[in-house]
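Here's the structure, in structure tokens; my notes come after.
The values are calculated or read from the model by the stated rules, or taken from the named source; none is laboratory data. Predicted model, so just to flag it, every value in this text is computed and none were measured. Positions of Cβ are backbone-derived with ideal geometry, glycine not excepted, and every protein chain shown enters the neighbour counts.
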């Protein structure tokens, strides 16, 4: 991995047109200074893993879906007292974060994330299905825990969670954020092997399960999709308007990221707020974290009568991860069809559903082409595909984000008496 040049946290001027409060402007540099002075900024490096939990019985279905839609393939499977745990690795990029998929052994399994799901009308149907959070590499997990606890950040101790994974001696994990519902974890670089995670006994898949995953991988290799979908570009969480700045400042307190910038998406009554890791030169090695929130909250919106797909999502599903974006290799098939269009066409022929058409144009100048899939019936996450054409350096275009936000909003509505489905 190419090391990133030294980054000036304090001197950096964020991109965008979203105005932040005086509170945010006051505390942002102080968050950076505390991170540096506490030693946390030096200890934390790249993202090591992303974590997702699914309902009992859904893990193989989800891993099959992931194999079809992207570069992640099953590396190993394990079982402990409460979960089956599946380790997936990016076949295209060795330095990309791994993916951990947790499947409770019992439908009666209960933890803090399940309780959050049960609060909202469209997440109750899949009570265990939820993006859990990210894990960052740290040079010293014990010191990281000490620093965070001194800053009133709660980390799990023995007896505080039924999932033994979160009290591993080589790791530390925060409680779910009050602002995002996500956890942040830390994995000691002195114990980088999977064995250090203490995932339990080795689990052998049935011949039928192995055949299904092989069939999915074989389809990718034979379809033309192979090699086009590279890795995770960014992870996007939706929060309430009043939580936007707190979610940003909290995550910047917990991670090596910096506030890249924020843009208003006026016709969708929202803003998109981006944090990135300055310690990498490629976001796929340590994906950006994005936070989206309304500009006018739901209880006031009847005055303005604006769309509010972002806050509708939070009211229906809770504060949580909305989508995982995968980068598509820039290029075309030699006949003018861009790679993202080709990937989407092939996936649609294979049965994958999308929320709308590909948005954005890639002609002779740098730009982006993007699209949202339908929600996964297993994780409730949307998959975004994004192609950065002609070495596009920015993070998004406002027109694209508006179109994607609108498309997702139509698919995430709550109607009294109707319990939404994700197929």
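Report yes if some residue within the range 354-368 is farther than 28 Å from residue 131 by Cβ, part of a strand (DSSP E or B) and modelled with pLDDT under 85; otherwise report no. Working first, answer last.
Here is the first cut: in the range 354-368, the residues farther than 28 Å from residue 131 by Cβ are 361-367.
Then keep just the ones that are part of a strand (DSSP E or B); that gives 367.
Still in the running and modelled with pLDDT under 85: 367.
Scanning the range 354-368 turns up at least one residue that is farther than 28 Å from residue 131 by Cβ, part of a strand (DSSP E or B) and modelled with pLDDT under 85.
Scanning the range 174-196 for residues that are outside any loop (DSSP other than H, G, I, E, B) and touching a residue at least 40 places away in the same chain (Cβ under 8 Å) yields 174, 183, 184, 185, 186, 187, 188, 194.
Taken over the range 335-349, the criterion of being in contact with a strand residue (DSSP E or B) (Cβ under 8 Å, 6 or more places away or on another chain) and surrounded by fewer than 14 Cβ atoms within 10 Å (Cβ to Cβ) is satisfied by 348 alone. Find the residue count for the range 89-137, including only residues that are in a loop (DSSP other than H, G, I, E, B), touching a strand residue (DSSP E or B) at 6+ places or on another chain (Cβ under 7 Å) and either surrounded by fewer than 17 Cβ atoms within 10 Å (Cβ to Cβ) or free of Cβ contacts under 8 Å to residues at least 60 places away in the same chain (or both). The qualifying residues number 2.
Rundown of residues vs (1) under 24 Å from the mean Cα position of the chain (by Cα); (2) closer than 29 Å to residue 224 by Cβ, yes/no style:
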| site | (1), (2) |
| --- | --- |
| 285 | yes, yes |
| 297 | yes, no |
| 305 | no, no |
| 319 | yes, no |
| 328 | yes, yes |
| 332 | no, yes |
| 336 | no, yes |
| 355 | yes, yes |
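Scanning the range 8-57 for residues that are more than 14 Å from residue 275 (Cβ to Cβ), in contact with a strand residue (DSSP E or B) (Cβ under 8 Å, 6 or more places away or on another chain) and either assigned to a helix (DSSP H, G or I) or modelled with pLDDT under 95 (or both) gives 17, 43. Would you check if residue 208 is closer than 29 Å to residue 111 by Cα, out of contact with any helix residue (DSSP H, G or I) (no Cβ under 7 Å at 6 or more places or on another chain), modelled with pLDDT of 95 or more and surrounded by fewer than 19 Cβ atoms within 10 Å (Cβ to Cβ)? When the stated conditions are applied, residue 208 does not pass them. Residues of the range 274-312 that are touching a helix residue (DSSP H, G or I) at 6+ places or on another chain (Cβ under 7 Å) and either more than 18 Å from residue 262 (Cβ to Cβ) or surrounded by fewer than 20 Cβ atoms within 10 Å (Cβ to Cβ) (or both): 296, 297, 298, 307, 312.
Take the conditions closer than 27 Å to residue 64 by Cα, at pLDDT 90 or above, in contact with a helix residue (DSSP H, G or I) (Cβ under 6 Å, 6 or more places away or on another chain) and buried (at least 22 other Cβ atoms within 10 Å of the Cβ) and apply them to residue 328. Does it pass? Criteria met by residue 328. Quickly run through the range 260-295 and pick out the residues that are at positive phi and assigned to a loop (DSSP other than H, G, I, E, B). Across the range 260-295, the qualifying residue is only 269.
The set of residues in the range 373-396 being within 18 Å of residue 288 (Cβ to Cβ), over 14 Å from the mean Cα position of the chain (by Cα) and at pLDDT 85 or above consists of 386, 387, 388.
Going through the range 138-167 one residue at a time, which ones are outside any helix (DSSP H, G or I) and surrounded by fewer than 20 Cβ atoms within 10 Å (Cβ to Cβ)? First the steps, then the outcome.
Filtering the range 138-167 down to residues outside any helix (DSSP H, G or I) leaves 138-140, 151-163.
Result: 139, 140, 151, 152, 153, 154, 157, 158, 159, 160, 161, 162.
Which residue is surrounded by the fewest Cβ atoms within 10 Å (Cβ to Cβ), if the candidates are limited to the range 221-244 and must be in a helix (DSSP H, G or I) and modelled with pLDDT of 95 or more? Among residues in the range 221-244 that are in a helix (DSSP H, G or I) and modelled with pLDDT of 95 or more, the one surrounded by the fewest Cβ atoms within 10 Å (Cβ to Cβ) is 242. Within the range 125-150, the set of residues being within 18 Å of residue 57 (Cβ to Cβ) and modelled with pLDDT of 95 or more comprises 126, 127, 128, 129, 130.
With respect to being at positive phi and at pLDDT 95 or above, residue 318 fits the description.
If you filter the range 351-372 down to residues that are in contact with a helix residue (DSSP H, G or I) (Cβ under 8 Å, 6 or more places away or on another chain) and over 18 Å from residue 329 (Cβ atoms), you find that the one that is surrounded by the most Cβ atoms within 10 Å (Cβ to Cβ) is 372.
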